[in-house]
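A.B. asks: Dropping a structure here in structure tokens format, bear with me for questions.
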Amino acid sequence: MFYSVLLQNIYFLCVFFDEVFKALSKRNHNRRLLHTLTNTCAREKRRRKKVESGQGKKVKVRDDILNSDEK
């Protein structure tokens, strides 16, 4: 009986910590994704500013990236 309760508690703790680690890794992944999208948008804005002022290369400016943060 004692071993049965002990095994149930160990199993519960394993499942609990597994869920905690999954949630933390998902949160970090979402944070990295948001960071990447924000940097891409900022890079596109800087490129547009340089192209409009005549200093940058003549490249196609991607409006879909610029407008993604305004939604």
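A.B. asks: Before we move on, is Leu6 at pLDDT 80 or above and surrounded by 10 or more Cβ atoms within 10 Å (Cβ to Cβ)?
C.D. replies: yes
A.B. asks: Under 6 Å by Cβ, and 6 or more places apart or on different chains, what pairs join a residue from region 36-48 that is in contact (Cβ under 8 Å) with a residue 24 or more places away in the chain with one that is surrounded by 13 or more Cβ atoms within 10 Å (Cβ to Cβ) and in a helix (DSSP H, G or I)?
C.D. replies: Going by the 6 Å Cβ cut-off, the qualifying pairs are Thr40/Ile65; Cys41/Ile65.
The values are calculated or read from the model by the stated rules, or taken from the named source; none is laboratory data. Every value quoted in this text rests on a predicted model; they were computed, and no experiment measured them. A quick note on method: Cβ atoms are made from the backbone with ideal geometry, for glycine too, and the neighbour counts reach across all protein chains shown.
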